[in-house]
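Colleague: I have a structure I would like to understand better, so I am pasting it below and will then ask my questions one at a time.
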Amino acid sequence: MELRKKILNLIEHDAKLSTKTMAVILDEDEEKIAATIKKMEKEKVILGYNTVTNWEKMGDDGVTAMIDVKVVPEREVGFNRVAERICRFPEVRCVYLMSGTYDLSVVVEGDTMKDVAWFVSHKLSTLEQVQSTTTHFILKRYKQDNFIFEEPHEDKRLVVSP
């Protein structure tokens, strides 16, 4: 695997790794690692560094929804223009072009279900290209970006056999 991919794999699993640690793991020169990362940032291969947070442990009761959106593609730009417009809404976390029944999958966050419903009815569904939406509220997160939110509970029931 080329060096750039090896570095990206390390960063994706732990963005706090120092270039020194990465150099040891990859058996490379630290300056080469640092220069490669800087180049990937400049080329927009690395767009940023995020933290995966378990907001439930902080008492945050926010709501996340996945919205399936059926749109009318535009001549010569397809789905790009409407997707770019949807990306600009501050409530929107992710936008994906999908295969299947719906064209776009949009991940939205709000303080309450009512906030998400208001976003869908007043902002998203009013866009000219949007034909229909289906909203799925996320009830519980088990795993996100390779991080498991809770370790499996040990079964503490007594074994009863006939």
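The values are calculated or read from the model by the stated rules, or taken from the named source; none is laboratory data. This structure is a prediction, so every number in the text was calculated from the model and none was measured. Cβ: placed from backbone, ideal geometry, glycine included. Neighbour counts: every protein chain shown.
Colleague: Could you look through segment 9-56, keep only residues that are in a loop (DSSP other than H, G, I, E, B) and aliphatic (A, V, I, L, M), and pick out the one that is surrounded by the most Cβ atoms within 10 Å (Cβ to Cβ)?
Modeller: Selected residue: Ile46.
Colleague: Looking at (1) out of contact with any strand residue (DSSP E or B) (no Cβ under 6 Å at 6 or more places or on another chain); (2) at pLDDT below 95, find the lone condition where Thr36 falls short.
Modeller: So the condition that Thr36 fails would be (2).
Colleague: Separate question: Would you confirm, using the coordinates I've provided, whether Leu47 is closer than 30 Å to Leu10 by Cβ and among the hydrophobic types (A, V, I, L, M, F, W, C)?
Modeller: In short, yes.
Colleague: Given the structure, is Tyr142 touching a Ser or Thr at 6+ places or on another chain (Cβ under 6 Å) and aromatic (Phe, Trp, Tyr)?
Modeller: For Tyr142, the condition - touching a Ser or Thr at 6+ places or on another chain (Cβ under 6 Å) and aromatic (Phe, Trp, Tyr) - is not met.
Colleague: Can you name the condition, by its number, that Met66 falls short on among (1) touching a strand residue (DSSP E or B) at 6+ places or on another chain (Cβ under 7 Å); (2) under 25 Å from Ala15 (Cα atoms)?
Modeller: (2)
Colleague: Mind checking whether some residue in segment 39-47 is touching a helix residue (DSSP H, G or I) at 6+ places or on another chain (Cβ under 9 Å) and closer than 30 Å to Thr134 by Cα? Steps first, answer last, please.
Modeller: Within segment 39-47, the first condition is being touching a helix residue (DSSP H, G or I) at 6+ places or on another chain (Cβ under 9 Å), and the residues that meet it are 39-40, 45-47.
Filter once more, keeping what is closer than 30 Å to Thr134 by Cα: 47.
Scanning segment 39-47 turns up at least one residue that is touching a helix residue (DSSP H, G or I) at 6+ places or on another chain (Cβ under 9 Å) and closer than 30 Å to Thr134 by Cα.
Colleague: Can you tell me which residue among Ala34, Ala65, Ala15 is of a type in the set (Gly, Ala, Ser), over 30 Å from Thr112 (Cβ atoms) and in contact with a helix residue (DSSP H, G or I) (Cβ under 9 Å, 6 or more places away or on another chain)?
Modeller: After applying the criteria, what remains is Ala34.
Residue-by-condition table, conditions (1) loosely packed, with under 12 Cβ neighbours inside 10 Å; (2) within 16 Å of Asp68 (Cα to Cα):
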position: Val92; (1), (2): no, yes
position: Tyr96; (1), (2): yes, yes
position: Glu109; (1), (2): no, yes
position: Thr112; (1), (2): yes, no
position: Leu139; (1), (2): yes, no
position: Pro152; (1), (2): yes, no
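Colleague: Taking the residues in segment 147-162 that are within 25 Å of Asp61 (Cβ to Cβ) and part of a loop (DSSP other than H, G, I, E, B) as candidates, determine which candidate is modelled with the highest pLDDT.
Modeller: Phe149
Colleague: Now, a different point. Between a residue in segment 35-62 that is touching a residue at least 24 places away in the same chain (Cβ under 8 Å) and any residue that is among the polar types (S, T, N, Q), which pairs come within a Cβ distance under 8 Å, given they are 6 or more apart or on different chains?
Modeller: Listed pairs, sorted by first residue: Ile37/Thr19; Val52/Gln144.
Colleague: In segment 130-146, how many are at pLDDT 95 or above and over 18 Å from Cys94 (Cβ atoms)?
Modeller: Counting residues in segment 130-146 that are at pLDDT 95 or above and over 18 Å from Cys94 (Cβ atoms) gives 2.
Colleague: With a cut-off of at least 3 residues that are in contact (Cβ under 8 Å) with a residue 24 or more places away in the chain and not aliphatic (A, V, I, L, M), name the strands (runs of 3 or more DSSP E) lying wholly within segment 65-137.
Modeller: It comes to 104-110, 130-137.
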